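**Q** Okay, here's the structure, questions in a sec.
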Amino acid sequence: MTTIRIPTPLRAYTSGQIEVPVNGPTVSDAIMELTARHPAIKPHILQDDGQLRPFVNLFKGEENINNLQGLLTPLAEADKLLLIPSIAGG
Amino acid sequence: MSISIPQELLSKIHAHSELAFPDEGAGFLFGTDNPARSVSAIYELPNAREDSARYNRYLITPQDYLKCELEAERLGLEVVGVFHSHPNSPNLASEYDRDWAQPFFSYIITSVYAAKAVESRCWRLSEDRTRFIEEPIV
(Lines give C-alpha, C1' and ligand atoms only; values in the text may rest on other atoms or scores of the structure.)
Protein backbone atom coordinates (compact mmCIF):
# COMPACT_ATOMS: atom_id res chain seq x y z
CA MET A 1 0.00 0.00 0.00
CA THR A 2 1.29 3.47 -0.91
CA THR A 3 1.58 6.05 1.85
CA ILE A 4 1.38 9.83 1.71
CA ARG A 5 3.51 11.77 4.22
CA ILE A 6 1.51 14.68 5.58
CA PRO A 7 3.39 17.88 6.54
CA THR A 8 3.02 19.26 10.06
CA PRO A 9 0.55 22.08 9.25
CA LEU A 10 -1.92 19.66 7.64
CA ARG A 11 -1.85 16.88 10.22
CA ALA A 12 -4.78 18.39 12.12
CA TYR A 13 -6.87 17.34 9.12
CA THR A 14 -5.67 13.72 9.18
CA SER A 15 -6.33 13.15 12.88
CA GLY A 16 -2.64 13.65 13.56
CA GLN A 17 -1.54 10.92 11.17
CA ILE A 18 1.92 11.56 9.73
CA GLU A 19 1.45 8.96 7.01
CA VAL A 20 -1.86 8.11 5.38
CA PRO A 21 -2.18 4.82 3.48
CA VAL A 22 -3.82 5.03 0.06
CA ASN A 23 -4.50 2.59 -2.75
CA GLY A 24 -4.58 4.81 -5.83
CA PRO A 25 -2.63 3.54 -8.86
CA THR A 26 -1.59 7.10 -9.75
CA VAL A 27 -0.70 10.24 -7.83
CA SER A 28 -4.01 11.79 -8.87
CA ASP A 29 -5.94 8.81 -7.51
CA ALA A 30 -3.96 8.93 -4.28
CA ILE A 31 -4.78 12.63 -3.76
CA MET A 32 -8.46 11.97 -4.53
CA GLU A 33 -8.51 9.19 -1.96
CA LEU A 34 -6.75 11.36 0.62
CA THR A 35 -9.25 14.21 0.20
CA ALA A 36 -12.21 11.80 0.20
CA ARG A 37 -11.09 10.25 3.48
CA HIS A 38 -10.06 13.55 5.05
CA PRO A 39 -12.28 16.22 3.42
CA ALA A 40 -11.08 19.08 5.65
CA ILE A 41 -7.63 18.89 4.06
CA LYS A 42 -9.00 19.55 0.59
CA PRO A 43 -9.16 23.38 0.58
CA HIS A 44 -5.57 23.52 1.79
CA ILE A 45 -4.12 21.44 -1.05
CA LEU A 46 -6.58 21.94 -3.92
CA GLN A 47 -7.90 25.13 -5.50
CA ASP A 48 -11.61 25.57 -6.25
CA ASP A 49 -10.97 24.29 -9.79
CA GLY A 50 -9.47 21.06 -8.45
CA GLN A 51 -5.89 21.93 -9.39
CA LEU A 52 -3.13 21.62 -6.81
CA ARG A 53 -2.46 24.86 -4.92
CA PRO A 54 0.79 26.45 -6.13
CA PHE A 55 2.62 25.73 -2.88
CA VAL A 56 1.89 21.99 -2.94
CA ASN A 57 4.78 19.81 -4.04
CA LEU A 58 4.50 16.06 -4.40
CA PHE A 59 7.56 13.87 -4.38
CA LYS A 60 7.62 10.18 -5.23
CA GLY A 61 10.55 9.18 -3.09
CA GLU A 62 13.11 11.87 -3.83
CA GLU A 63 11.74 12.83 -7.25
CA ASN A 64 9.32 15.70 -7.80
CA ILE A 65 6.36 14.34 -9.77
CA ASN A 66 6.72 17.33 -12.10
CA ASN A 67 9.87 15.61 -13.35
CA LEU A 68 7.96 12.34 -13.83
CA GLN A 69 4.46 12.16 -15.27
CA GLY A 70 2.86 14.76 -13.02
CA LEU A 71 -0.43 13.71 -11.49
CA LEU A 72 -0.49 10.69 -13.81
CA THR A 73 2.70 9.31 -12.26
CA PRO A 74 2.05 5.65 -11.42
CA LEU A 75 2.42 4.47 -7.84
CA ALA A 76 3.57 1.01 -6.82
CA GLU A 77 2.65 -0.62 -3.54
CA ALA A 78 5.88 0.25 -1.74
CA ASP A 79 6.09 3.85 -2.99
CA LYS A 80 6.07 6.74 -0.56
CA LEU A 81 4.48 9.96 -1.71
CA LEU A 82 5.66 13.08 0.12
CA LEU A 83 3.36 16.11 0.28
CA ILE A 84 5.68 19.03 0.96
CA PRO A 85 4.72 22.70 0.93
CA SER A 86 6.84 25.42 -0.58
CA ILE A 87 6.93 28.12 2.06
CA ALA A 88 6.66 31.55 0.52
CA GLY A 89 5.34 35.03 1.00
CA GLY A 90 6.29 38.61 0.58
CA MET B 1 -4.46 32.49 21.12
CA SER B 2 -0.92 33.80 21.61
CA ILE B 3 2.64 32.72 20.98
CA SER B 4 5.50 32.93 23.43
CA ILE B 5 9.06 33.35 22.24
CA PRO B 6 12.12 34.07 24.37
CA GLN B 7 13.61 37.51 23.84
CA GLU B 8 16.91 35.87 22.85
CA LEU B 9 15.25 34.13 19.89
CA LEU B 10 13.34 37.23 18.88
CA SER B 11 16.67 39.08 18.87
CA LYS B 12 18.12 36.38 16.60
CA ILE B 13 15.21 36.83 14.21
CA HIS B 14 15.85 40.58 14.20
CA ALA B 15 19.56 40.04 13.56
CA HIS B 16 18.78 37.68 10.66
CA SER B 17 16.33 40.23 9.24
CA GLU B 18 18.92 43.00 9.45
CA LEU B 19 21.58 40.83 7.80
CA ALA B 20 19.21 40.03 4.92
CA PHE B 21 18.28 43.70 4.39
CA PRO B 22 17.40 45.07 1.81
CA ASP B 23 16.15 41.58 0.94
CA GLU B 24 13.66 39.53 2.89
CA GLY B 25 15.05 36.99 5.33
CA ALA B 26 13.20 33.90 6.51
CA GLY B 27 13.33 30.73 8.54
CA PHE B 28 11.33 28.34 10.69
CA LEU B 29 10.06 28.43 14.26
CA PHE B 30 10.48 25.18 16.20
CA GLY B 31 8.41 24.63 19.32
CA THR B 32 5.38 23.03 20.82
CA ASP B 33 1.67 23.57 21.40
CA ASN B 34 1.66 21.89 24.78
CA PRO B 35 0.23 23.49 26.85
CA ALA B 36 0.26 26.63 24.67
CA ARG B 37 2.16 27.63 21.57
CA SER B 38 5.75 28.45 22.37
CA VAL B 39 8.92 28.73 20.32
CA SER B 40 12.09 27.13 21.65
CA ALA B 41 14.38 27.26 18.62
CA ILE B 42 14.63 28.95 15.26
CA TYR B 43 16.17 27.69 12.03
CA GLU B 44 17.50 30.35 9.69
CA LEU B 45 17.35 29.58 5.98
CA PRO B 46 18.47 31.21 2.74
CA ASN B 47 15.87 33.07 0.70
CA ALA B 48 15.53 30.87 -2.39
CA ARG B 49 13.82 33.49 -4.56
CA GLU B 50 15.77 34.87 -7.51
CA ASP B 51 17.92 37.93 -6.77
CA SER B 52 15.58 40.44 -8.39
CA ALA B 53 12.57 39.38 -6.28
CA ARG B 54 14.13 39.02 -2.85
CA TYR B 55 13.39 42.61 -1.85
CA ASN B 56 9.69 41.76 -1.45
CA ARG B 57 9.43 37.96 -1.70
CA TYR B 58 10.86 34.96 0.10
CA LEU B 59 10.86 31.26 -0.67
CA ILE B 60 11.86 28.22 1.33
CA THR B 61 12.32 25.20 -0.91
CA PRO B 62 10.51 21.90 -0.32
CA GLN B 63 13.90 20.28 0.28
CA ASP B 64 14.68 22.77 3.06
CA TYR B 65 11.17 22.34 4.43
CA LEU B 66 11.53 18.56 4.71
CA LYS B 67 15.01 18.86 6.22
CA CYS B 68 13.67 21.19 8.91
CA GLU B 69 10.59 19.11 9.65
CA LEU B 70 12.78 16.05 10.22
CA GLU B 71 15.24 18.09 12.32
CA ALA B 72 12.39 19.39 14.50
CA GLU B 73 11.14 15.83 15.00
CA ARG B 74 14.67 14.74 15.93
CA LEU B 75 14.67 17.43 18.63
CA GLY B 76 11.27 16.32 19.93
CA LEU B 77 9.71 19.52 18.61
CA GLU B 78 7.43 20.59 15.77
CA VAL B 79 7.70 23.22 13.10
CA VAL B 80 5.12 25.65 14.49
CA GLY B 81 5.67 28.55 12.16
CA VAL B 82 7.70 30.73 9.87
CA PHE B 83 9.44 34.04 10.35
CA HIS B 84 10.23 36.52 7.62
CA SER B 85 11.02 40.21 7.24
CA HIS B 86 9.37 43.09 5.43
CA PRO B 87 12.15 45.47 4.36
CA ASN B 88 10.91 49.06 4.25
CA SER B 89 7.34 47.85 4.85
CA PRO B 90 5.05 47.41 7.83
CA ASN B 91 4.83 44.07 9.60
CA LEU B 92 1.34 43.37 8.27
CA ALA B 93 0.61 40.14 6.42
CA SER B 94 0.12 40.81 2.72
CA GLU B 95 -2.33 39.23 0.28
CA TYR B 96 0.61 37.35 -1.18
CA ASP B 97 1.45 36.08 2.30
CA ARG B 98 -2.14 34.87 2.65
CA ASP B 99 -2.22 33.14 -0.74
CA TRP B 100 0.81 31.07 0.21
CA ALA B 101 0.05 30.58 3.90
CA GLN B 102 -0.31 27.25 5.63
CA PRO B 103 -2.94 26.63 8.27
CA PHE B 104 -1.67 25.95 11.81
CA PHE B 105 1.57 27.88 11.30
CA SER B 106 2.35 31.11 13.14
CA TYR B 107 3.82 33.74 10.85
CA ILE B 108 6.13 36.21 12.59
CA ILE B 109 6.76 39.25 10.39
CA THR B 110 9.45 41.79 11.25
CA SER B 111 9.49 45.27 9.78
CA VAL B 112 12.97 46.50 8.89
CA TYR B 113 13.80 50.11 8.04
CA ALA B 114 17.29 51.41 7.21
CA ALA B 115 18.71 47.96 8.03
CA LYS B 116 17.31 48.08 11.56
CA ALA B 117 14.63 45.65 12.74
CA VAL B 118 11.84 47.72 14.22
CA GLU B 119 9.07 45.43 15.43
CA SER B 120 7.67 41.92 15.01
CA ARG B 121 4.04 40.88 14.93
CA CYS B 122 2.60 37.41 14.49
CA TRP B 123 -0.29 36.23 12.33
CA ARG B 124 -2.20 33.01 11.78
CA LEU B 125 -4.34 32.07 8.78
CA SER B 126 -8.07 31.75 9.44
CA GLU B 127 -9.55 28.31 8.85
CA ASP B 128 -11.42 29.48 5.73
CA ARG B 129 -8.18 30.99 4.35
CA THR B 130 -9.83 34.41 3.87
CA ARG B 131 -7.75 36.43 6.36
CA PHE B 132 -4.95 36.51 8.89
CA ILE B 133 -5.71 36.82 12.58
CA GLU B 134 -3.14 38.47 14.83
CA GLU B 135 -1.55 36.17 17.37
CA PRO B 136 -0.06 38.31 20.13
CA ILE B 137 3.61 37.68 20.92
CA VAL B 138 4.07 37.26 24.66
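Table: residues versus (1) within 12 Å of chain B (Cβ to nearest Cβ); (2) open to solvent by less than 20 Å² (accessible area, probe 1.4 Å); (3) out of contact with any Phe, Trp or Tyr (no Cβ under 7 Å at 6 or more places or on another chain).
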| residue | (1), (2), (3) |
| --- | --- |
| A:Thr2 | no, yes, yes |
| A:Gly16 | yes, no, yes |
| A:Glu19 | no, no, yes |
| A:Ser28 | no, no, yes |
| A:Ile45 | yes, yes, yes |
| A:Asp49 | no, no, yes |
| A:Pro54 | yes, no, yes |
| A:Leu71 | no, no, yes |
| A:Glu77 | no, no, yes |
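**Q** Right, another one. Give the number of residues within the range A:54-90 that are closer than 15 Å to B:Leu59 by Cβ and either over 12 Å from the mean Cα position of the chain (by Cα) or not polar (S, T, N, Q) (or both).
**A** 10
**Q** Does the range B:96-108 contain at least one residue that is out of contact with any Pro (no Cβ under 6 Å at 6 or more places or on another chain), aliphatic (A, V, I, L, M), more than 26 Å from A:Leu58 (Cβ to Cβ) and away from chain A (no Cβ under 12 Å)? Reasoning before the result, please.
**A** So the first thing to find is which residues in the range B:96-108 are out of contact with any Pro (no Cβ under 6 Å at 6 or more places or on another chain), and the list is B:96-101, B:106-108.
Those still in the list that are aliphatic (A, V, I, L, M) too: B:101, B:108.
From the residues that got through so far, the ones that are more than 26 Å from A:Leu58 (Cβ to Cβ) too are B:108.
So of that shortlist, the ones also away from chain A (no Cβ under 12 Å) come out as none.
No: zero hits.
**Q** Among the residues of the range B:64-86, write down those that are more than 21 Å from B:Ala48 (Cα to Cα) and in a helix (DSSP H, G or I). Show your work before the answer.
**A** Let us first name the residues in the range B:64-86 that are more than 21 Å from B:Ala48 (Cα to Cα), namely B:73-78.
Scanning the range B:64-86 gives B:Glu73, B:Arg74.
**Q** Condition first: part of a helix (DSSP H, G or I), surrounded by fewer than 16 Cβ atoms within 10 Å (Cβ to Cβ) and of a type in the set (Asp, Glu). Can you find one or more residues in the range B:43-50 that meet it?
**A** no
**Q** Residue check: is B:Pro90 more than 8 Å from chain A (Cβ to nearest Cβ), part of a loop (DSSP other than H, G, I, E, B) and surrounded by fewer than 23 Cβ atoms within 10 Å (Cβ to Cβ)?
**A** yes
**Q** Here are some conditions: (1) within 27 Å of B:Arg98 (Cβ to Cβ); (2) open to solvent by 10 Å² or more (accessible area, probe 1.4 Å). A:Ile65 meets all but one. Which one does it not meet?
**A** In the conditions (1) within 27 Å of B:Arg98 (Cβ to Cβ); (2) open to solvent by 10 Å² or more (accessible area, probe 1.4 Å), A:Ile65 misses (2) alone.
**Q** Within the range B:5-12, does at least one residue satisfy the condition of being within 14 Å of another protein chain (Cβ to nearest Cβ) and out of contact with any helix residue (DSSP H, G or I) (no Cβ under 7 Å at 6 or more places or on another chain)?
**A** No, the range B:5-12 has no match at all.
**Q** If you don't mind, another one. Has the range B:54-74 got at least one residue that is crowded, with 18+ Cβ neighbours inside 10 Å and in contact (Cβ under 8 Å) with a residue 40 or more places away in the chain?
**A** Among the residues of the range B:54-74, at least one is crowded, with 18+ Cβ neighbours inside 10 Å and in contact (Cβ under 8 Å) with a residue 40 or more places away in the chain, which makes the answer yes.
**Q** Further, regarding this structure: Would you be able to say whether some residue in the range B:29-36 is hydrophobic (A, V, I, L, M, F, W, C), part of a loop (DSSP other than H, G, I, E, B) and more than 24 Å from B:Val112 (Cβ to Cβ)?
**A** Yes, some residue in the range B:29-36 is hydrophobic (A, V, I, L, M, F, W, C), part of a loop (DSSP other than H, G, I, E, B) and more than 24 Å from B:Val112 (Cβ to Cβ).
**Q** If you don't mind, there's one more thing I want to ask. Give just the number: which of (1) acidic (Asp, Glu); (2) closer than 28 Å to B:Glu95 by Cβ; (3) facing chain A (nearest Cβ under 10 Å) does B:Glu18 not satisfy?
**A** (3)
**Q** What residue, of A:Glu19, A:Glu77, is of a type in the set (D, E, K, R), within 24 Å of B:Asp33 (Cα to Cα) and touching a Ser or Thr at 6+ places or on another chain (Cβ under 7 Å)? Quick ask: steps written out before the conclusion?
**A** On the way: A:Glu77 fails: within 24 Å of B:Asp33 (Cα to Cα).
Residue meeting the stated conditions: A:Glu19.
**Q** Just checking, how many residues over the range B:109-133 are open to solvent by less than 10 Å² (accessible area, probe 1.4 Å) and within 11 Å of chain A (Cβ to nearest Cβ)?
**A** 1
**Q** In the range A:30-43, which residues are surrounded by 12 or more Cβ atoms within 10 Å (Cβ to Cβ) and under 25 Å from B:Arg131 (Cβ atoms)?
**A** A:Thr35, A:His38, A:Ala40, A:Ile41, A:Lys42, A:Pro43 - these are the residues of the range A:30-43 that are surrounded by 12 or more Cβ atoms within 10 Å (Cβ to Cβ) and under 25 Å from B:Arg131 (Cβ atoms).
**Q** Go through (1) of a type in the set (Asp, Glu); (2) at pLDDT below 95; (3) in contact with a strand residue (DSSP E or B) (Cβ under 6 Å, 6 or more places away or on another chain) one by one and return the number of the condition A:Glu19 breaks.
**A** (2)
The values are calculated or read from the model by the stated rules, or taken from the named source; none is laboratory data. A quick note: this is a predicted structure, and the numbers were derived from the prediction, not measured. Positions of Cβ are backbone-derived with ideal geometry, glycine not excepted, and every protein chain shown enters the neighbour counts. For accessibility, only protein heavy atoms count, side chains too; no ligands or nucleic acids. Shrake-Rupley method; radii C 1.70, N 1.55, O 1.52, S 1.80 Å.
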